[in-house]
Amino acid sequence: PLMEFPKLNNQAVGIGSGSTIVYAVERLAERVHQEKLNIVCIPTSFQARQLILQHGLTLTDLDRHPELDVAIDGADEVDSDLNLIKGGGGCLTQEKIVILKLIFIFYCRKESKALGEKWKKGIPIEVIPMAYVPVTRAITRQFGGTADLRMAVSKAGPVVTDNGNFLIDWKFDRMHNWTEVNTAIKLIPGVVETGLFIAMAERVYFGMQDGTVGVRDRTQL
């Protein structure tokens, strides 16, 4: 998909997080070096920052480049309205800050008609550590389902985000109006951000098993 951007030169590019982005950054670096492109990259996580540096790309931040031209990122699931669940890797808040109202999302095949069909781990919600119990109770009381503190695998205790916060994974038990639910959860004291990315993806690429790439734009909805 990166071949579709002939005007990539002199742009500020948001770099997302996750397994898909490793390959996207490799291809981006190839284009930069082959075509002598002048771009700067803004990361959404420590992982993204390391990828940028490892591939010899120019690292910058939102202080110096508050308006990005394009952002490349993956997702855990996308529905038929191009709403996304993100944050399986724990980087949802910084991803949403960098990708806010930007141009497109790079995405491999995790397409569903409705959220929750394929992604079964729940919607990630980043919370201030002292608030995780009342936030968990408020979410389940208002919207049902179960909400659990995400625990680390290779360390004792909970997962800690790059921002020093905890993550709650909310497994919903019915379909919702995601715009309304996203707003309501963010109004709960102690919630930093949700993994619901509503109406933010302008373009989605689907990597198919046969090697072809499908594309869907928000304008097609």
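Any residue in the stretch 118-144 that's in a loop (DSSP other than H, G, I, E, B): show its pairings with residues that are among the basic types (Lys, Arg) at Cβ separation under 8 Å, as long as the two are six or more apart or on different chains.
Correct list of pairs: 118/110; 119/110; 120/171; 121/171; 122/171; 144/174.
Determine, yes or no, whether residue 105 is in contact with a helix residue (DSSP H, G or I) (Cβ under 9 Å, 6 or more places away or on another chain), open to solvent by less than 10 Å² (accessible area, probe 1.4 Å) and modelled with pLDDT of 90 or more.
no
Can you pull out every residue in the stretch 32-44 that is modelled with pLDDT of 90 or more and crowded, with 23+ Cβ neighbours inside 10 Å?
Across the stretch 32-44, the qualifying residues are 41, 42, 43.
Taking the stretch 28-78 as the region of interest, how many residues are part of a loop (DSSP other than H, G, I, E, B) and either within 14 Å of residue 95 (Cβ to Cβ) or basic (Lys, Arg) (or both)?
10
Working only within the stretch 125-165, note down all residues that are under 21 Å from the mean Cα position of the chain (by Cα) and basic (Lys, Arg).
Result: 150, single match.
Could you check, for the stretch 137-145, whether at least one of its residues is of a type outside the set (Val, Ile, Thr) and either within 21 Å of residue 199 (Cβ to Cβ) or modelled with pLDDT under 95 (or both)?
Yes, the stretch 137-145 contains a residue that is of a type outside the set (Val, Ile, Thr) and either within 21 Å of residue 199 (Cβ to Cβ) or modelled with pLDDT under 95 (or both).
Suppose we keep only residues that are charged (D, E, K, R) and more than 12 Å from residue 132 (Cβ to Cβ) within the stretch 143-200. Which one would you say is least open to solvent (accessible area, probe 1.4 Å)?
This residue is 193.
Contact list please: Cβ distance under 9 Å, first residue in the stretch 16-38 and of a type outside the set (A, V, I, L, M), second residue open to solvent by 80 Å² or more (accessible area, probe 1.4 Å), pairs at least six apart or on different chains.
Close Cβ pairs satisfying both conditions: 17/46; 27/3; 31/3; 38/10.
Looking only at the stretch 108-116, decide whether some residue is open to solvent by 10 Å² or more (accessible area, probe 1.4 Å), under 24 Å from residue 62 (Cα atoms) and modelled with pLDDT under 85. Quick ask: steps written out before the conclusion?
Looking only at the stretch 108-116, we keep the residues that are open to solvent by 10 Å² or more (accessible area, probe 1.4 Å), and these are 108-111, 113-114, 116.
Now drop any that are not under 24 Å from residue 62 (Cα atoms), which leaves none.
No, every residue in the stretch 108-116 fails to be open to solvent by 10 Å² or more (accessible area, probe 1.4 Å), under 24 Å from residue 62 (Cα atoms) and modelled with pLDDT under 85.
Quick test for you: out of 12, 48, 75, 29, pick the one residue that is of a type in the set (Gly, Ala, Ser), modelled with pLDDT under 85, on the phi < 0 side of the Ramachandran plot and open to solvent by less than 60 Å² (accessible area, probe 1.4 Å).
So the residue among 12, 48, 75, 29 that is of a type in the set (Gly, Ala, Ser), modelled with pLDDT under 85, on the phi < 0 side of the Ramachandran plot and open to solvent by less than 60 Å² (accessible area, probe 1.4 Å) is 75.
Return the pair list, or none, for Cβ contacts closer than 6 Å from residues in the stretch 184-208 that are closer than 24 Å to residue 127 by Cβ to residues that are surrounded by fewer than 18 Cβ atoms within 10 Å (Cβ to Cβ) and of a type in the set (A, V, I, L, M), at least 6 apart or on different chains.
Short answer, once both residue conditions are applied: 190/128.
The values are calculated or read from the model by the stated rules, or taken from the named source; none is laboratory data. Note that the structure is predicted; figures quoted are calculated from it, not measured. Heads up, the Cβs are rebuilt from the backbone with ideal geometry, glycines too, and the neighbour counts pull from every protein chain shown. Surface areas here come from the heavy atoms of the whole protein model, side chains and all, with no ligands, DNA or RNA. Shrake-Rupley method; radii C 1.70, N 1.55, O 1.52, S 1.80 Å.
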